[in-house]
1. Condition first: surrounded by fewer than 16 Cβ atoms within 10 Å (Cβ to Cβ) and more than 13 Å from the chain's Cα centre (by Cα). Now tell me which residues in region 9-19 satisfy that.
2. If you go through region 63-92 one residue at a time, how many are modelled with pLDDT under 70, exposed (fewer than 10 other Cβ atoms within 10 Å of the Cβ), part of a loop (DSSP other than H, G, I, E, B) and out of contact with any Lys or Arg (no Cβ under 9 Å at 6 or more places or on another chain)?
3. Please name all residue pairs, on different chains or six or more residues apart, with Cβ atoms under 8 Å, provided the first residue is in region 10-23 and is closer than 14 Å to Thr54 by Cβ and the second residue is of a type in the set (S, T, N, Q).
4. What's the number of the only condition in (1) farther than 30 Å from Gly18 by Cα; (2) at pLDDT 70 or above; (3) within 28 Å of the chain's Cα centre (by Cα) that Leu60 fails to meet?
5. Which residue, of Thr95, Thr40, is farther than 24 Å from His2 by Cα and modelled with pLDDT under 70?
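The values are calculated or read from the model by the stated rules, or taken from the named source; none is laboratory data. If you're wondering where the values come from, they're calculated on a predicted model, not measured in any experiment. Cβ placement follows ideal geometry from the backbone for every residue including glycine, while neighbour counts extend to all protein chains displayed.
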Amino acid sequence: MHLFLVILTLLASIILIGVVLLQNPKGGSGLTSGMASMGTVQTLGVRRTGDFLTKATAILAGAIMVISFIAQFTLPSRSGSVDARESILQKDLPTIPAPEAPAELPAMPGK
């Protein structure tokens, strides 16, 4: 289940990237202008294409957030002792003994 949600999130992210790139930027020259040759602008109109892309962006972004939130609850659990949660680096570290404190502090000269 977790793998399915991760793949679904990746697909939604890739589609979101495409939708954002198709949107008309503030400057007025975006990939939407290239869609005129495909006949989409004539069919949908420039205004409707922009509305569709804006709604698609919001829906995809919301879907990615919801799927990511749900995916955290489907993570496979690690059952075992506390040692199972330590990383490999923590297991391989040598233990360094703490430096010993001196028995007596040396007297300060001049006092």
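1. Within region 9-19, Leu11, Ile15, Ile17, Gly18 meet the criteria.
2. The number of residues fulfilling the criteria is 4.
3. From region 10-23, the pairs are Leu16/Thr57; Val19/Thr57; Val20/Thr57; Leu22/Thr32; Gln23/Thr32; Gln23/Thr54; Gln23/Thr57.
4. (1)
5. Details: Thr95 fails: modelled with pLDDT under 70.
None of the other options fit; the residue is Thr40.
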